[in-house]
Amino acid sequence: MNFRRQLALNAYYYGSLPLRAWCKKSRGAPVCVLFYHRVADANPNPWTIPTRQFIRQMKWLRSRFELVSLEEAQRRIRLEWNDVPTVSITFDDGYADNCDSALPWLIERDIPLTYFVASQFVLENKAFPHDIAHGVRLSPNTPEQLAELAEQGVEIGAHTRTHADLGKITDKAQLRDEVLGGARELAEMVGRPMRYFAFPFGLHENMQAYVFELARQERWRGVCSAYGGYNFAGDDAFHLQRIHGDPEMVRLKNWLTVDPRKVAAERRYQYQRLACSTPSAAVGAISS
Ligand SMILES: [Zn+2]
């Protein structure tokens, strides 16, 4: 971000503090779910955050929010009102570099985290296409690393087999293979069943209602998107809207303290009420 934009965003951030306070008064404190990809100092790319910057963010978060598991985040969303600013940390894809500093730092401090992994890259030890397109082959985690993380209390979550854009797949068998097949492979690696799923890319156009149906059938606890959105008490707790863990501190602060512009522009992904839903699940499925 250039200096001018940083200055403008800082001015907006401080200028809109009264509006942010009003927002908190009217909707309660948000339950934010952050997603990161890779914490590393070598081979930077748009989805990498330097270790020092990541730790700076974690320290800032710890001083202002309660850092909780996805399960606890969902419990707070199901409340009628939440007064406690809350953040849950997640990671996507499964990069080996995360095991160097970031994950041990979080685990040592008992900060809960959910780690969404695309299974095939781990099983075949191959680089992600988006990294190859960017000119660098980055190592995925190994099955042993994932098993150890699970052993240390990290929630391992499913993120498809091949990191496919599920919004483009029309064949249900292929969707099941990506979603359920990926979850099964991970469950075998870590020795415990998957409970959460995150859509690769995670924008509206990358999502499908059928995947929510599959997740319900599997009795998973929740599904994550990644288009940037808040969760407030009373929202649908099954669909967790996530916010990017932006390396720019001012942008992250702007997001997490509830940007009134973003609240006004928010468009929650809608999926249909499901025949297989439990009554409480159905309420979640139709809330906006
Ligand atoms: Zn991903």
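Counting only helices (runs of 4 or more DSSP H) wholly contained in the range 189-277, the ones carrying 2 or more residues that are open to solvent by less than 20 Å² (accessible area, probe 1.4 Å) and at pLDDT below 95 occupy 249-256.
Within the set I49, I55, the sole residue that is among the aliphatic types (A, V, I, L, M), buried (at least 16 other Cβ atoms within 10 Å of the Cβ) and more than 19 Å from S139 (Cα to Cα) turns out to be I55.
When you check P193 against the structure, is it out of contact with any Phe, Trp or Tyr (no Cβ under 8 Å at 6 or more places or on another chain) and within 16 Å of the ligand (Cβ to nearest atom), yes or no? Give the steps one after another, and end with the answer.
On the way: out of contact with any Phe, Trp or Tyr (no Cβ under 8 Å at 6 or more places or on another chain): yes; within 16 Å of the ligand (Cβ to nearest atom): no.
Judged against the criteria, P193 is not a match.
If I filter the range 95-107 for residues that are open to solvent by 40 Å² or more (accessible area, probe 1.4 Å), over 21 Å from A215 (Cβ atoms), more than 14 Å from the ligand (Cβ to nearest atom) and small (G, A, S), do I get at least one hit? Yes - at least one qualifying residue is present in the range 95-107.
Can we say V179 is within 16 Å of the ligand (Cβ to nearest atom), more than 18 Å from V39 (Cα to Cα) and in contact (Cβ under 8 Å) with a residue 24 or more places away in the chain? Walk me through it before giving the result.
Values: within 16 Å of the ligand (Cβ to nearest atom): yes; more than 18 Å from V39 (Cα to Cα): yes; in contact (Cβ under 8 Å) with a residue 24 or more places away in the chain: yes.
In short, yes.
So, L146, is that one modelled with pLDDT of 95 or more, farther than 29 Å from H239 by Cβ and hydrophobic (A, V, I, L, M, F, W, C) or not? Spelling it out, it is not the case that L146 is modelled with pLDDT of 95 or more, farther than 29 Å from H239 by Cβ and hydrophobic (A, V, I, L, M, F, W, C).
Applying the selection to the range 151-164, what residues are open to solvent by 30 Å² or more (accessible area, probe 1.4 Å) and closer than 20 Å to D131 by Cβ?
Scanning the range 151-164 gives R161, T162.
Within the range 26-67, the set of residues being closer than 13 Å to D97 by Cα, within 16 Å of the ligand (Cβ to nearest atom) and β-branched (V, I, T) comprises V39, T48, I49.
Looking for whichever is more than 15 Å from the ligand (Cβ to nearest atom), of a type in the set (S, T, Y) and touching a Ser or Thr at 6+ places or on another chain (Cβ under 9 Å) here; the options are S139, S88. Which one fits? Break it down into steps so the answer makes sense when it comes.
Values: S139 fails: touching a Ser or Thr at 6+ places or on another chain (Cβ under 9 Å).
On inspection, the qualifying residue turns out to be S88.
The set of residues in the range 115-128 that are of a type outside the set (S, T, N, Q) and either open to solvent by less than 80 Å² (accessible area, probe 1.4 Å) or within 19 Å of R192 (Cα to Cα) (or both) comprises Y115, F116, V117, A118, F121, V122, L123, K126, A127, F128.
Among the listed residues H163, H204, H159, identify the single one that is under 12 Å from the mean Cα position of the chain (by Cα) and in contact (Cβ under 8 Å) with a residue 12 or more places away in the chain.
Details: H163 fails: under 12 Å from the mean Cα position of the chain (by Cα); H204 fails: under 12 Å from the mean Cα position of the chain (by Cα).
Being under 12 Å from the mean Cα position of the chain (by Cα) and in contact (Cβ under 8 Å) with a residue 12 or more places away in the chain holds for just one of H163, H204, H159, which is H159.
Checked against (1) touching a Phe, Trp or Tyr at 6+ places or on another chain (Cβ under 7 Å); (2) within 29 Å of R109 (Cα to Cα), P143 passes all but a single condition, namely (1).
Test V283 against the criterion of being of a type in the set (V, I, T) and either modelled with pLDDT of 95 or more or open to solvent by less than 10 Å² (accessible area, probe 1.4 Å) (or both), and give yes or no. Steps first, answer last, please.
On the way: of a type in the set (V, I, T): yes; either modelled with pLDDT of 95 or more or open to solvent by less than 10 Å² (accessible area, probe 1.4 Å) (or both): no.
Against the criterion (of a type in the set (V, I, T) and either modelled with pLDDT of 95 or more or open to solvent by less than 10 Å² (accessible area, probe 1.4 Å) (or both)), V283 does not qualify.
The values are calculated or read from the model by the stated rules, or taken from the named source; none is laboratory data. Nothing here was measured: the structure is a model prediction, and the numbers come from that model. Using ideal geometry, Cβ is built from the backbone for each residue, glycine included, and neighbour counts are taken over all protein chains shown. SASA here: full protein model, heavy atoms, side chains in, ligands and nucleic acids out. Shrake-Rupley method; radii C 1.70, N 1.55, O 1.52, S 1.80 Å.
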